[in-house]
Amino acid sequence: MLFNSLIFWAFFAIFAVLFFASRRSARHLVSLVGSYVFYGWWDVRFLGLIIGITVLTYLAALRIECSRSAAMRRAWLIAGVAVCLAILGTFKYANFFIDSFVALLDQLGIQSGLHTLSIILPVGISFYTFQALSYTVDVYRGVIPAEPSLLRYATYIAFFPQLVAGPIVRASDFLPQLSHDKSLSWKRSCEAACMVAWGLVLKVVMADSLAIVVDTRFANPANHEGISLLIGVVFYTFQIYGDFAGYSLVAIGLAHFLGYEFNQNFDRPYFSTSFSDFWRRWHISLSSWLRDYLYIPLGGSRKGGGRTMANLMTTMLLGGLWHGAAWNFVAWGGLHGGFLCFQRAGEQTMDRILPVGRRPTVLRGAITLCSGLAVFLCVCVGWVFFRARSFSDAGLILGRIAGADSLSLSQVPQKFHLAKGVALIAGVTLIEAASFRLDYWAIGGRYPALIAFFLFGCVLALTLLGTFQGTSFIYFQF
Amino acid sequence: MYLPESFRPPRRPLLALLILAFSWWAIDRGIAALIGREVLQSQFRFSCLYRGDCDANVLILGNSRGVNGFFSPDLTAALGKKVFNLSYNGLSIKMARMLFEDYVSRCPAPELLILEVTNALDAGTSVGLCQLYADKSPALANAWRTAEPTAFWLSRLAAATFRYNGELPLRAVAFRKRSDQNWINTYQMPEGMMARYVVAPEAAAKWETLDPEAIAELCRCITTARTHGTKVMLVITPYAAGYRAQLPGFTDWVQGLEAATGEDVRDLSEAIITPKYFGDPLHMNLEGARALMPEVLALVREEGRDQAVASDEAGSQTSR
């Protein structure tokens, strides 16, 4: 069930009625059953996996809390983490490792006879295993107590708004909210409607419209000239943003309607002025998860410059691998790791030459502008590896773009979709840029009629400009 | 965190929701009516058709290769007869058949129907075209309802503006005041593009077999034309040099089409192959359409002579 499908909204309407009509004590059960129906709709076989991870990590966390010796606590931590990584490794990475090993042996002239396994990648596995992992570690660290109720814990793992494509919600944020009163609220409903409407505009209007241009270029890059491929890359930069930020916003809005607060997952990332700023604004739930459970445990920035760079690269390489079982995702992660290391080295050098406090305002402004543009361009380059079918395609695309000797649009196909895409990108960018100056929520609070106009505008945008080709969400494949 | 705490709910929430729903209904219907009026009054080719404002002597139907293979303003001037190009990107033979049937029910039947038959590779539904003119054509409305029943009923009940979703309404508004008959590629294929061009396997595979549904639609179109006294000419416009070589099933497909329809296919696929006459390997440009014109005129005039001869023979048999 996709958020941009009618069957989902029929499901949500029924779920919402049951949720608010049921007694407070029954709401967790309603949430859990509804979430399992949602997840089982993709493939009922997936339910066994999520139930398995839920039960095993629930038990591991309880044993961590009950164990008296540090060794036993550590052992149960390792068991809980191993369960999550084993399941993720098997279902997501087994064939990747087999293929890579066979390719390596081929290079050495050895015939292995190994074959890939017939494994279906369960939707959302990367998200809920990370949630289960973080819960287990947080219990070990004493951040939160182990949840005694299996029902509550299962609801946290399976909660459908964020189950299949995030945001990755921490147990410390979600579990306490299960005890809060959840009554239907006009204010919360308005807020949720605005978030869901804008999220659908980002996805159905912008992302899916841009996909028409992007797909033709990345499907056969050899058949396109440099300028056409450049347009494809820039459009993909906004497509993936609209797709993922849109999904996150809908998920956050739906949870908000039901009385749960999720943290913001995207904060205008293409206005970033540095690579670290980008990772504070892009997929915030994942980047903070990697910071707290990988980068900091590795030592973070506490062990000197060289070790910091190594920790950054390790974190970003594994972050890339999380996105997909393919070397181009690892390359994408490695690129961003490289960008972060370069930025760190550059900032240290600049600070030695001209400390921040002594830089003229004009220079500070120029550095901010230039670095913002540089970050955007580098991020675009990174997306080529993310989207391309293979390394050779990525190389071909970047080579053609670099070697383009004409910026003429006359040869570029799909001009209508190009014009529509540019207009949509410009519109969304302007609205987001204005949000640095205007507090849209405050304006809506002062003039409630504007909320109605905003909602009507979003629905009109959906009906007139939306692309309804039944396209999935990009992050579902992770 | 979001709306300020001062935000107060309405005193009567249900009434407020009803007012919102009614407001949406009114705005949606109003905007749909405005757009619909602009679309129908447009000089866009399909708007001309559904306004009953075509009156062509020669009608051309096809997909994007029909759009770019024939330049109707020049053909009109050369023939001294009105040539109207009703081709559109992605138009399958099924859509072409429906459009032709709608044409002859609204406008005088043309003398000649030219079909660019590469649109007979499939019999898909152009949903955008169907939903835009669904209120003018029961056939298109039915095709839309069959292809996308949910969208069809949703647009009827909840969002009339949805009918104006897509590329076609925007083109109709763009051609509000001027004819779109001169809409054709004007750019040239870049040097070396054909050398690098690889036909996608799924595209080449379509030439391996005849689609029975597409052939049935083509036969039905031909029968309708004959019923209305319209001569039919099946044509394949040129491909750039080297493209046809990547379609091993091409010749057999053409022969199969001829056998299935009983009509000759005028295979001009290699009549012009110079890259400068193409915008891309599949589509000609204005220069190419002009270069192809003598061949097209010769074929049209030959059809006219054949028709005159056939009429004379029929007339002399009657007089005996």
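Bear in mind that the values in this text are calculations on the coordinates, not laboratory data. In this text the structure is predicted, and so the values were computed from the model without any measurement. Here Cβ is always computed from backbone atoms with ideal geometry, including for glycine, and neighbour counts include all displayed protein chains.
For B:Lys276, a cut-off of 14 angstrom between C-alpha atoms picks up these aspartates and glutamates, skipping any fewer than 8 places away in its own chain: B:Glu191, B:Glu287.
Set the bar at 21 Å for Cα to Cα. Now go through B:Lys81/B:Lys231; A:Lys415/B:Lys206; A:Lys203/A:Lys420; B:Lys94/B:Lys206; B:Lys82/B:Lys177 and name every pair that lies beyond it.
The answer is A:Lys415/B:Lys206.
Work out, step by step, the length gained on full extension between A:Met350 and A:Ser189: first 0.36 nm times the residue separation, then minus their alpha carbon distance; give nm to one decimal. Fully extending the segment from A:Met350 to A:Ser189 adds 53.1 nm. Taking 7 Å steps out from each Cα toward its Cβ at B:Leu297 and A:Phe436 produces label points 6.1 nm apart. Only one residue of B:Tyr103, B:Ala241, B:Phe162 has its Cα farthest out toward the positive end of the dipole of chain B, where Lys and Arg carry +1 and Asp and Glu -1 on Cβ, and that residue is B:Phe162.
Shown in residue order for the stretch A:444-458 are the 3J(HN,Hα) couplings computed by the Karplus curve 6.51 cos²θ - 1.76 cosθ + 1.60 at θ = phi - 60°: x, x, 6, 10, x, 4, 5, 5, 4, 4, 4, 5, 4, x, 5 Hz (x for Gly and Pro).
Among B:Arg97, B:Arg163, B:Arg11, the residue with the largest mean-square fluctuation in a Gaussian network model of chain B, with springs joining Cα atoms closer than 10 Å, is B:Arg11.
Ranked by how many other Cβ atoms sit within 10 Å of their own Cβ, fewest first, the residues A:Tyr156, A:Tyr36 fall in the order A:Tyr36, A:Tyr156.
Residue by residue along B:2-12, Cβ atoms of other protein chains within 10 Å of the local Cβ number 6 on average. Rounded is the label for chain A. Its Cα gyration tensor axes, ordered a ≥ b ≥ c, give a/c under 1.5. Among the residues of A:215-227, the average count of other protein chain beta-carbon atoms within 10 Å of the residue beta-carbon is 2. Each residue, A:Arg268 and A:Val422, gets one label point 7 Å from its Cα in the Cβ direction; the gap between the two is 2.4 nm. Counting Cβ atoms of other protein chains within 10 Å of each Cβ in B:151-164 and taking the mean gives 2.
Taking amide H as placed 1.01 Å from N in the peptide plane, B:Val232 has its amide H under 5 Å from the amide H of B:Leu113, each at least 5 places away in sequence or on another chain.
Rounded to the nearest Hz, the phi-derived 3J(HN,Hα) couplings of the stretch B:83-100 under the Karplus curve 6.51 cos²θ - 1.76 cosθ + 1.60 (θ = phi - 60°) are 10, 10, 9, 9, 6, 7, 3, x, 6, 7, 5, 5, 5, 4, 5, 5, 5, 5, where x marks glycine and proline. Where does the protein assembly as shown land on the Kirkwood hydrodynamic radius, alpha-carbon pairs, in angstrom? One decimal place: 30.2 Å for the Kirkwood radius. Only Lys, Arg, Asp and Glu carry charge here, each on its Cβ (+1 for the first two, -1 for the last two); on that basis the stretch A:105-252 has a dipole of about 400 debye about its Cα centre.
Between A:Ala70 and B:Glu213, the C-beta separation translates, for a Förster distance of 51 Å, into a calculated FRET efficiency of about 0.10.
Placing +1 on the Cβ of every Lys and Arg and -1 on the Cβ of every Asp and Glu, with no other charges, gives the protein assembly as shown a dipole of roughly 3380 debye about its Cα centre. Ranked by the mean number of other Cβ atoms within 10 Å per residue, highest first, peptides A:189-199, A:9-19, A:175-185 order as A:189-199, A:9-19, A:175-185.
For chain A, averaging the sequence separation of C-alpha pairs within contact (under 8 Å, six or more residues apart) and dividing by the residue count gives a relative contact order of 19 percent.
Which value, in debye to the nearest 20, gives the size of the charge dipole of the stretch B:1-135 about its Cα centre, when Lys and Arg are +1 and Asp and Glu are -1 at the Cβ? Numbers along the way, then the final one.
Details: 13 positive and 12 negative charges, 97 e Å.
Charge dipole of the stretch B:1-135: 460 debye, to the nearest 20.
Here the label points at A:Phe101 and A:Thr429, each 7 Å from Cα along the C-beta direction, are separated by 4.7 nm in the simple model.
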